1. Give the long-range amide H neighbours of Ser314: residues separated by 5 or more places, or on another chain, with amide H under 5 Å away, using H modelled in the peptide plane at 1.01 Å from N.
2. Among Tyr53, Gly412, Thr253, which residue has its Cα furthest toward the positive end of the charge dipole of the chain, with +1 on Lys/Arg Cβ and -1 on Asp/Glu Cβ?
3. Quick check on the chain: helices-only [θ] at 222 nm, where DSSP H runs of length 4 and up contribute -39,500 (n - 2.57) each and the sum goes over total residues. Nearest 500, please.
4. Give me the Debye-computed log₁₀ of I(q)/I(0) at q = 0.10 Å⁻¹ for the chain, equal point scatterers on Cα only, no solvent, two decimals.
5. Please report, in debye to the nearest 20, how large the charge dipole of the chain is about its Cα centre when each Lys and Arg carries +1 at its beta carbon and each Asp and Glu carries -1 there.
6. Treating only the Cβ atoms of Lys and Arg (+1) and Asp and Glu (-1) as charged, compute the dipole magnitude of region 246-334 about its Cα centre; round to the nearest 20 debye.
7. Would you kindly derive the ³J(HN,Hα) couplings of region 144-153 from the backbone phi angles with the Karplus curve 6.51 cos²θ - 1.76 cosθ + 1.60 (θ = phi - 60°), listing them in order in whole Hz, with x for Gly and Pro?
8. What distance in nm lies between label points placed 7 Å from Cα along the C-beta direction at Thr237 and Arg145?
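We did not get these values from a lab; they are worked out from the coordinates using the rules stated. Predicted model only: the values in this text are computed from it and were never measured. In this analysis, Cβ positions are derived from the backbone assuming ideal geometry, glycine residues included, and neighbour counts consider all displayed protein chains.
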Amino acid sequence: MWQNALNVVMLALFAILAASASNLDGYHGYNKYTVFHDNEDAFKYLVKLQTDYAELDFWLLTRNMSIVAVAPTLQGAFEARLNQLNARFVANALMEEMSSYNETLTNCLNSECELNRPRRQARGFFSHFPRYSEILNYMSALAARHPKNCRYESLGRTFEGRHIAALSISLNSRGQARRVAYIQAAAHGREWITPLTVLYLANELLNNLRAFRRVLEDVEIYLVPLVNSDGYEYSFTTDRFWRKNRHRYAGRTCAGVDINRNFPNNWNYNGASQNLCSEVYSGTGPISESETAAIARYLEYNRHRVKLSLDVHSFGKFLFYPFGYSRNVAAPTRNLLHSVAQRAANQIAKYRGTQYTIGTSAGILYEASGGLDDYAYGNLGIPMSFTVELPGENFHVARSDIIHICKETFAGFIEFIRHVSLY
Ligand code: 0X9
Ligand code: ZN
């Protein structure tokens, strides 16, 4: 009798705990620091911290401004160090900032999230952050609705066995187009806005094939909206700011490899770490991850057709071209890369004035090797290779902003794709 009652109480407690578990649970007391550092010493110090000190989470690190999430126990020492470096900073409680988005940040439990009929999707889909299964449903529904122009396939599987789903869009899916524009997103799990911009592109192209006939002539658009679905899902269920994939190593507590440090161009040379707990852990070797292996397999096989590679990240409003691994190495075609990016930025700005900064990530942010952009350009000879950092001051954006980011980015994507036919 008592045992039964105890079981019921335990079950009820467990249910309450499970229901209230959120992906922000680990962030109580965290501060988000916006740091202004106009001297080189402070910048160099922060770069060193980012690579060598796993406890700090750098959300953004540019030459004169950074955004860092810091646990309560480290805040005193962090602030003292910033003062020594003469760096001004503003600290905001992370939980307060997240609650200001005024929306459900955890699991999507209502029926709105289960939409998978294309017509309803067009209205509701771009006003929330969909989960992995909803994204795959959306993709397969698009392909089912446009069988002549859209193919839905899997490039391979992630560490946890999810599909790395792809959409191929072309005017005639039977014959092979001479050129390919490759666009991927969400290599970093927490960058929730990124897959939506790629799905928006797919939906717009397929709904307006006639209007985009010239753009699509002889160009196949190959889209991988959710590269790191394990990390993406983990950022919904457990840790909102999870960046890496979910590779687990026996007997080790820390998990995950930074997918954008795992490509085989100057692997682990700069801005990457061999500490498994680091946010920029580069893995046990180049292409050690199933996610990077699947992408590399596709790109290597199609290297002569792929003329554009876009890797969509967030945040900061940047358009980066190679090389990202070193400030001292310039891409031979940098003028051309710069002017193509400038045209894309001009198109983006037309929608509501959003201003992107253009350059190499090594010059604007930090030097970091093993990125897709350098690999596509440097190893595979893909002539146009860029990393896009979408708008935001957080990996979260207000739901009402999603559609606007999708629309302005769409204009940029189309401009990039227009240049593919010139090669
Ligand atoms: O550090 C990254 O991987 C990218 N920024 S993010 O904040 N989304 O993590 C920038 C990558 C730029 N490209 C290279 N460094 N190759
Ligand atoms: Zn990223």
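1. Amide H neighbours of Ser314: Leu390.
2. My answer, from the dipole projection, is Gly412.
3. Working: 13 runs with 152 residues, N = 423.
So the helix-based figure for the chain works out to -11000 deg cm²/dmol.
4. With one equal scatterer per Cα and no solvent, log10 I(q)/I(0) is -0.68.
5. Numbers: 43 positive and 38 negative charges, 332 e Å.
Dipole magnitude for the chain comes out near 1600 debye.
6. Values: 11 positive and 6 negative charges, 42 e Å.
Roughly 200 debye, rounded to the nearest 20.
7. Listing the rounded values in order: 5, 7, 10, x, 6, 10, 9, 10, 10, 8 Hz.
8. 2.9
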